[in-house]
Structure formats: structure tokens, C-alpha cells
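The values are calculated or read from the model by the stated rules, or taken from the named source; none is laboratory data. The shown structure was predicted, so the numbers you read here are calculated from the model rather than taken from an experiment. Note that each Cβ is placed from the backbone with ideal geometry, even for glycine, and that neighbours are counted across all protein chains shown. Just the protein is used for accessible areas: all its heavy atoms, side chains included, with ligands, DNA and RNA removed. Shrake-Rupley method; radii C 1.70, N 1.55, O 1.52, S 1.80 Å.
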Amino acid sequence: QVQLVESGGGLVQAGGSLRLSCAASGRTSGGITMAWFRQAPGKEREFVAAITVPPMPWTPGSIYYGDSVKGRFTISRNNAKNTVPLQMDSLKPEDTAVYYCAAQSPYRNIGQRITMEGEYNYWGQGTQVTVSS
């Protein structure tokens, strides 16, 4: 079992920045993929970013971004704290949504299916991000 807790949401003006964080606890020794998705009112859940942490230490991880956030958002991993921050810069009103942290554990190499919410077996409760124009 893996537990996920998001933090860092809030209200920001367009052009500003916010930093979300997802803290993972529980069983992650088999490697993990952690991702951020978002869902705006009346819209489907959208892939934002993901980072893979394979269980084999000699295998490098990978990072993926959704097209709408490339160049503006940065996902990373803090191994010491077991957290996954999402730095969001140059925010736009269309970034307004509930942001969810998700995890796939144990790690599986799923290629481009990493953008599909059905591949994740653990979810956080979500945190609201509102960008005003």
C-alpha cells in the first residue's frame, strides 16, 4: 500500500508561480512511478507530468510532461523526503484545476501509457489551484 498526500495549492495571479508537493509513504521498495494529473470543472482528468523511479539503481528514471505544460512546469523527486514536487511557473487561468498526485507501485515499464490515469493504482485527495486573470 502507498499513501499520497498533496500540498501547496492555492490562488495565484496569471504569470505567477506555485509549488505543489506530493508526499509518498508506504511500500515503495519495488520502484514507483509518480505523476500529477489535473481536472478542471466539466473536463476530463488530464495528464500533467510524471517521473519514474525504477527499482534497479543502475537504471535511470524518466520524466514526461503533458503538451500544455511543457516548458512551464517542472517535476522532480526528493529522495530524502520521498516527495515529488511540481514547480509551476508562468501560470495561466486555464491551469485552474484540482491537481491530483498519483502513483504506480510497484514500478512497471509502460512507455507512453504513463499518461493514462488507468495505469495508476494509488491517488491522493487532490489540491485546488486557481489562477486569476
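Brief remarks on what is shown
- Added length on full extension, which subtracts the Cα-Cα distance from 0.36 nm per residue, Ser25 to Ile63: 11.6 nm
- Mean separation of Cα contacts under 8 Å, 6 or more apart, over the residue count of segment 45-133: relative contact order %: 28
- If you run the Gaussian network model on the chain, springs between alpha carbon atoms under 10 Å, then out of Trp58, Trp123, Trp36 the most flexible one is Trp58.
- Per DSSP, loop GluC sites (Glu not before Pro) in segment 1-78 with at most 13 further Cβ within 10 Å: Glu44
- Cα centroid separation - segment 77-128 against segment 11-36, whole Å: 6
- Residue-count net charge about Arg45 - beta-carbon cut-off 9 Å; Lys, Arg +1, Asp, Glu -1: -1
- Within a Gaussian network of the chain (alpha carbon springs, distance under 10 Å), most fluctuating of Gln104, Gln39, Gln13: Gln13
- In nm, spacing of pseudo-spin labels at Asn121 and Ser17 (7 Å Cα→C-beta vector): 3.6
- Summing charges over neighbours of Ile32, with a neighbour being any other residue whose Cβ is under 13 Å away from its Cβ, gives +2 when K and R count +1 and D and E count -1.
- In segment 1-52, the portion of solvent-accessible area held by carbon and sulfur atoms comes to 47 percent [1.4 Å probe, whole percent, DNA, RNA and ligands not counted].
- 1.4 Å probe accessible area per residue over the chain, in Å²: 52
- Within straight-line cross-link reach of Lys70, aspartates and glutamates at Cα separation under 13 Å, skipping those fewer than 8 residues along the same chain: Asp89, Asp95
- Relative to the Cα centre, the charge distribution of the chain, modelled as +1 at Lys and Arg Cβ and -1 at Asp and Glu Cβ, gives a dipole magnitude of about 260 debye.
- Residue with peak Gaussian network fluctuation, the chain [Cα springs, cutoff 10 Å], from Gly111, Gly31, Gly71: Gly111
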